[in-house]
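A short worksheet on the structure shown next.
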Amino acid sequence: MQVPAPFTYERATSVEHAIELLGQLGPEARVVAGGHSLIPMMKLRLARPDALVDINALGAELGQIRVDGTDLVIGALTRHADLLRSAVAGEHFPIFHDAEKVIADPVVRNFGTVGGSLCQADPAEDLSAVFAAVDAVAIARGPGGVRQVPVRELHVGPYETVLAPDELLLELRVRIRPGGGSAYEKVERRVGDYAVAAGGAALWLDGDTVSGAGIGLTAVGAAHFAAPEAEAALVGQPATEESFRAAGRIAAEHCNPTADQRGPVDYKRHLAAELTTRALRRAAARARGQEA
Ligand SMILES: Cc1cc2nc3c(=O)[nH]c(=O)nc-3n(C[C@H](O)[C@H](O)[C@H](O)COP(=O)(O)OP(=O)(O)OC[C@H]3O[C@@H](n4cnc5c(N)ncnc54)[C@H](O)[C@@H]3O)c2cc1C
């Protein structure tokens, strides 16, 4: 079936208006941003919202990338293509450019949004792992006001977040700290496909010692797209190949891949270790001012 079930459609003119509409239309209403995840699901009748609240007119409020004090702020309605083009995002966190280069194709990247990617909570979504690696905070707003949710607490399971039906994701905030580097590594079956597996790393160095580490994993069943055990093992260790390989092994041990058309469990676990190691290696090189 390639035709969605009937639904009503409203176009929000402001954030307040969107939240008001979501409240009026009830829990079966859904926000639509780029529509590249939701509309295909509606056509397949895997999603059957009664109503859609279109937020595409809210670019001025929700589509900006900027530095605010010590935070890099990425609006929820930022298109993949805008994040890929953003000099300020790439300067502070090159992991965003690494990931955006390998997300889908130009058509999807021109319309799909950062907020839609995170709220879709697809277990193979690249940006969920990226924002987990950089330990971002999501800012959401509902009828009760604004709240902050660490990205590592945003996803409660496949296709499920902690956001209420009448809450809107506004933006993502990432703290900018000196001495850092970041990178993303993905294996896909063909260009533009979802990951077989992917790993992201954000690393901070104090001389040759790891002073802070964030590791994100996608498509391998890592809880909250993160690898906290591997991060804990890295901090305080020398930033060497041996430490990165050890962290990769720990990340692979603690994830929980499932076999599917993209590969068997042992292959995905192997990728989790290898891609984590590669991402850490490149993140460390970038933290040292060398492009890797
Ligand atoms: C052909 C194809 C290839 C793809 N390849 C990849 C890939 O390689 N890697 C990858 O990671 N992704 C991939 N994607 C997924 C793509 O990244 C997402 O479809 C897209 O970016 C989701 O954003 P959207 O704006 O289209 O979300 P929508 O489809 O509009 O929405 C998705 C979900 O998020 C909710 N939502 C959206 N915005 C908000 C908000 N601000 N607040 C609250 N809820 C919100 C919606 O209600 C819906 O539940 C691919 C998609 C396609 C179609």
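Of all residues in segment 70-85, one or more are among the polar types (S, T, N, Q) and more than 30 Å from Gly23 (Cβ to Cβ).
Checked across segment 71-89, the condition of being within 18 Å of Leu168 (Cα to Cα), of a type in the set (Gly, Ala, Ser), part of a loop (DSSP other than H, G, I, E, B) and at pLDDT 95 or above holds for at least one residue.
Determine whether segment 15-36 contains at least one residue that is closer than 25 Å to Ala279 by Cα and assigned to a loop (DSSP other than H, G, I, E, B). There is no residue in segment 15-36 that is closer than 25 Å to Ala279 by Cα and assigned to a loop (DSSP other than H, G, I, E, B).
Please go through segment 63-85 and give me each residue that is more than 16 Å from the ligand (Cβ to nearest atom) and in contact with a helix residue (DSSP H, G or I) (Cβ under 8 Å, 6 or more places away or on another chain), ordered by number.
Matches in segment 63-85: Arg66, Val67, Leu72.
In segment 153-166, the residue that is nearest to the ligand (Cβ to nearest atom) out of those that are touching a Gly at 6+ places or on another chain (Cβ under 9 Å) and touching a residue at least 40 places away in the same chain (Cβ under 8 Å) is Leu163.
Determine, yes or no, whether Ala51 is farther than 30 Å from Arg288 by Cβ, within 12 Å of the ligand (Cβ to nearest atom), in contact (Cβ under 8 Å) with a residue 40 or more places away in the chain and not polar (S, T, N, Q). Break it down stepwise before answering.
Numbers: farther than 30 Å from Arg288 by Cβ: yes; within 12 Å of the ligand (Cβ to nearest atom): yes; in contact (Cβ under 8 Å) with a residue 40 or more places away in the chain: yes; not polar (S, T, N, Q): yes.
So Ala51 passes the test.
Listed here are the residues, each with its yes/no results for (1) of a type outside the set (Gly, Ala, Ser); (2) away from the ligand (no atom under 15 Å from the Cβ); (3) closer than 17 Å to Arg288 by Cα; (4) touching a strand residue (DSSP E or B) at 6+ places or on another chain (Cβ under 8 Å).
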site: Val174; (1), (2), (3), (4): yes, yes, no, yes
site: Ser182; (1), (2), (3), (4): no, yes, yes, yes
site: Tyr194; (1), (2), (3), (4): yes, no, no, yes
site: Ile215; (1), (2), (3), (4): yes, yes, no, yes
site: Thr218; (1), (2), (3), (4): yes, no, no, yes
site: Glu229; (1), (2), (3), (4): yes, yes, no, no
site: Thr258; (1), (2), (3), (4): yes, yes, no, no
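Consider segment 121-143 and keep the residues that are closer than 23 Å to Asp54 by Cβ and surrounded by fewer than 23 Cβ atoms within 10 Å (Cβ to Cβ). The one that is farthest from the ligand (Cβ to nearest atom) is Pro143. Is it fair to say Pro178 is exposed (fewer than 15 other Cβ atoms within 10 Å of the Cβ), under 16 Å from the mean Cα position of the chain (by Cα) and away from the ligand (no atom under 11 Å from the Cβ)? Answer is no for this residue. Taking segment 98-120 as the range and being more than 6 Å from the ligand (Cβ to nearest atom) and surrounded by fewer than 20 Cβ atoms within 10 Å (Cβ to Cβ) as the test, the residues that pass are Lys101, Val102, Asp105, Pro106, Val107, Asn110, Phe111.
The values are calculated or read from the model by the stated rules, or taken from the named source; none is laboratory data. Just so it is clear, the structure is predicted and the values come from calculations on it, not from any experiment. All Cβ positions, glycine included, derive from the backbone under ideal geometry; neighbour counts span all protein chains shown.
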